[in-house]
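Visitor: Below is one structure. I have some questions about it.
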Amino acid sequence: MTEKDYFQLLMEETGCKRCEAELALSLSNNNLEKAITTIGSILKFITTFKIKINFPKENIYGLMHIVINMKTSEIVRFSITFSRNPAIYEIATSMDWFSYEKAIFSARLNSGAMEIYTKETEENLKVYIQKVLKEAIIISPEAISSIIKNFFYPTEVFIEIENEELNLTQFKKLPDYNLKQNSISSLDLDYNLGFIELDVKILKDNNGKPVKKIVEGDTVLSTIIDERDLTHYIAHLIGGIEDDNMCPIPAIVKKVTYKNDDFEIYLNYTPSIIGLAKVKNDIKIKVLEPKHQLWWKKILPW
C-alpha cells in the first residue's frame, strides 16, 4: 500500500482532511493502524447538546439531545421526548452524552410520556434545525436555544442547554459503566433509569453452530423484532436500522438458559440495552469469528 493509499484510507474512514491524515501518520511513524487510533484523538469536531425544555403554561416537559458535526453542520444524532411528568426535568444535563440519550429513550416508556406529540414534533424539529444550521455562521448553545424557541413560537418555552465537545474517539467509544460480571438485570449506573430488553431474532445458518453449543462470549447476528413503538428509536441508537429498515447487527451472547424445550439467549448491545431471543433446540446459529473482522473495524467500531 502506497503513502497515497494510506492518506485516502484515513480520509475515507474518519472524515479527516489530507493535512490531518498527514499529521496522524507522522505522529505514528507511518504505522497505519496506529494512525487510525491517533486520528480519533485529534479530530475534535463533534459537539453534543443536551437540552431540557419546559412549556410552563401547558405543563409539558421535554428532553432533547443533538449531536452535530461542526465541520459539516450535519446532525449526527437526534432524539427527543415530551412528557406531562415533571420528574423527567430532574434529569441532569451534566451527565455524559450517551447516558443522557439513554435517559431520553427510557423516559419514553414512563408514565406521562406524550408518544403522539413526540413523534409529530421530532421529525419536523430535526428538519427545521438542520436547515437553519446549514445557514448558521456560529453553532453555539445560544444559537441552538434560539432555533428551538423560534420553532415553537409563539408558545412560551424555557430552555436549559449544556454542550460537550468530543473528539472522534470519545464519540465512537461508549462510556464504561462497569457492568457486574454475568449479570443481566443489574446495572451499575450513576442513576437508576432501568434497562431496556428487546425481543430479537438470531440469524440461522444450516452450517452454523448448534444452539446447544452456544456459550457466553459468542458473537451472533441478530435482528430486532420487538413491536413496541420505542423499538424504532432504540434500533437507531444501536445501529439496527439502515434506510428505515431493520438490519442484522452483531451482538455478544451474555447468557444462555434452557426453558420449555427451547433456549433463551440474552444478547448484549450496550450496557443498558439487551436482547432476548427464543430459539428452538434443533436450530443452528451463525456465529461470527473475530478473525474475519476487518482490523480497522476493531479499532473504529462504526
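Visitor: In a Debye calculation with equal point scatterers on the alpha-carbon sites of segment 92-134 and no solvent, what is log10 I(q)/I(0) at q = 0.22, 0.32 Å⁻¹?
Guide: Calculated log10 I(q)/I(0) at the listed q: -0.90, -0.96.
Visitor: Turning to a different aspect of this structure: Pairs 57/119; 102/134; 57/131; 212/255; 57/102: which are spaced more than 18 Å apart, C-alpha to C-alpha?
Guide: 57/119; 102/134; 57/131; 57/102
Visitor: Fully extended, how many nm does the chain gain between residue 257 and residue 207 (0.36 nm per residue separation, minus their Cα-Cα distance)?
Guide: Extending this stretch completely gives an extra 15.7 nm.
Visitor: Which ³J(HN,Hα) values in Hz, rounded to whole numbers, follow from the phi angles of segment 100-105 under the Karplus curve 6.51 cos²θ - 1.76 cosθ + 1.60, where θ = phi - 60° and Gly and Pro get x?
Guide: My calculation for segment 100-105 gives 5, 5, 5, 4, 5, 5 Hz in order.
Visitor: Eigenvalues of the Cα gyration tensor times 5, then square-rooted: what semi-axes does that give for segment 46-172, in whole angstrom, largest first?
Guide: Each semi-axis is √(5λ); the values are 22, 17, 12 Å.
Visitor: To continue, here is another question. With r as the distance between the Cβ atoms of residue 150 and residue 215 and R0 = 45 Å, compute the FRET efficiency 1/(1 + (r/R0)^6) and round to 0.05.
Guide: Once the sixth-power term is evaluated, E becomes 0.25.
Bear in mind these aren't lab numbers, they're just calculated from the coordinates by the rules spelled out. The structure presented is a predicted model; accordingly, all values stated were derived computationally and were not measured. All Cβ positions, glycine included, derive from the backbone under ideal geometry; neighbour counts span all protein chains shown.
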